[in-house]
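Some notes on the structure that comes next.
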Amino acid sequence: MKIWLDGGLQDMESARVSVLDHGLTVGDGIFETVKTVNGRPFALTRHLDRLARSARGLGLPEPDLDEVRRACAAVLEANPMPLGRLRITFTGGHGPLGSDRGEHGPTLVVALGDTTRRPDSTAVITVPWTRNERGALTGLKTTSYAENVVALARAREQGASEALFGNTVGRLCEGTGSNVFVVLDGEIHTPPVASGCLAGITRALAVEWTGAAETDLPMDVLQRADEVFLTSTLRDVQAVRRVDDRELPGAPGPATAKAMRIFEEHAAADLDP
Ligand code: PLP
């Protein structure tokens, strides 16, 4: 497997970054996961825009987006696979122990993994921990994902593939790696970015393509919604068939099935929407 590091392709097995890289020591880094289909990235321009936004939010140097594009193309060419996920990681680079930034330049790593097509429906749980809708990192796609790792492990223990968070004022927010949508009386709703959720790229496309509304929603909407679905780069649109103990028989329901179809059709027509 070839990855991109230090301006060129390297063997993943022998590639090295500093043990004092701030991505490792303090989680001062950002990332993107980009779906690839037959060696071509999906929605790369939107992912690069978000990477640059996250860098600005964290006060990291501006990533060289031309280099990131070249790196993605080189990694994809070196590692052919039908369905994959590019992982772009950009960190503060080698720095002092502690939280002060160092003098060294940032680290850029682009790697590729394979992935499988997601099942049409899945089970989710809610967790008692909250997303902070007003934090310094809110809405940024940082490498500080330990909270998501903990919540996802809880979901797996309960036979679910995703854990949903509320925010500090009890409103529905997002999953560990996905955005959440609900269907109420035939209308599709998703929490606004002000809830503290990541501005998911799949979420934005689903809102544009289905006309879903951005609505501030209480957590208990999950107990009464007619349908629930998730969006993410690797799930696309995925129906939810169980939330905690509540079964949603027949998932995907009609509105979700329609959203899945609309998403698939638009995505097939334009690789960089
Ligand atoms: N929310 C979080 C916390 C995520 O990590 C992700 C994706 O990784 C998403 C939402 C969905 O975003 P996207 O559709 O851009 O993959």
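Ranked by the mean number of other Cβ atoms within 10 Å of their residues, highest first, the peptides 133-139, 175-181 come out as 175-181, 133-139.
Entry comment: accessible area of the chain is 46 Å² per residue, from protein heavy atoms only and a probe of 1.4 Å. Could you tell me the center-to-center distance, by alpha carbons, between region 71-119 and region 195-246 in angstrom? Here the answer is 27 Å between Cα centres.
Note on the chain: with neighbouring protein chains present and a 1.4 Å probe, carbon and sulfur make up 51 percent of its accessible heavy-atom surface. Once you reduce region 1-48 and region 160-192 to the center of their Cα atoms, the two points are 29 Å from each other. The C-alpha atoms of the chain define a longest principal axis, and helix 44-58 lies at about 70 degrees to it.
Gyration tensor over the Cα atoms of region 109-227: the corresponding equivalent ellipsoid has semi-axes (square roots of 5 times the eigenvalues, largest first) of 21, 18, 17 Å. Axis angle, to the nearest 10 degrees, between helix 254-269 and the longest C-alpha principal axis of the chain: 30 degrees. Relative contact order for the chain: 18 percent, from Cα pairs under 8 Å spaced at least 6 residues apart, divided by residue count.
Across region 22-34, computed HN-Hα scalar couplings (Karplus, 6.51 cos²θ - 1.76 cosθ + 1.60, θ = phi - 60°) run 5, x, 7, 7, 10, x, 8, x, 9, 8, 9, 10, 10 Hz from first to last residue, x flagging Gly and Pro. From most to least packed by mean Cβ count within 10 Å, the peptides 39-48, 257-266, 10-19 give 39-48, 257-266, 10-19.
Cα axis of helix 65-78 to longest principal axis of the chain: angle in degrees, 0 to 90, nearest 10? So the helix axis and the longest Cα principal axis differ by about 90 degrees. Within the straight-line cut-off of under 22 Å between alpha carbons, the lysines reachable from Lys2 are Lys35, sequence neighbours fewer than 8 places apart in one chain being disregarded. Over all other residues within a Cβ to Cβ distance under 10 Å of Thr190, the charged ones net out to -1, with Lys and Arg as +1 and Asp and Glu as -1.
The packing ranking, built from the mean of other Cβ atoms within 10 Å per residue, places the peptides 156-165, 242-251, 196-205 in the order 196-205, 156-165, 242-251, highest first. Put a plus charge on the Cβ of each Lys and Arg, a minus charge on the Cβ of each Asp and Glu, and nothing anywhere else: the dipole of region 129-273 about its Cα centre is then about 380 debye. With a Förster radius of 25 Å applied to the beta-carbon distance between Asp114 and Ala153, the computed FRET efficiency rounds to 0.65. Mean residue ellipticity, 222 nm, helices only, the chain: the sum of -39500 (n - 2.57) across DSSP H runs of n ≥ 4, divided by residue count and rounded to 500, is -8000 deg cm²/dmol.
The values are calculated or read from the model by the stated rules, or taken from the named source; none is laboratory data. Since the structure is predicted, the reported quantities are computational estimates derived from the model, not experimental observations. All Cβ positions, even for glycine, are placed from backbone atoms using ideal geometry, and neighbour counts span all protein chains on display. Side chains are part of the model used for accessible areas, which takes the heavy atoms of the whole protein and leaves out ligands, DNA and RNA. Shrake-Rupley method; radii C 1.70, N 1.55, O 1.52, S 1.80 Å.
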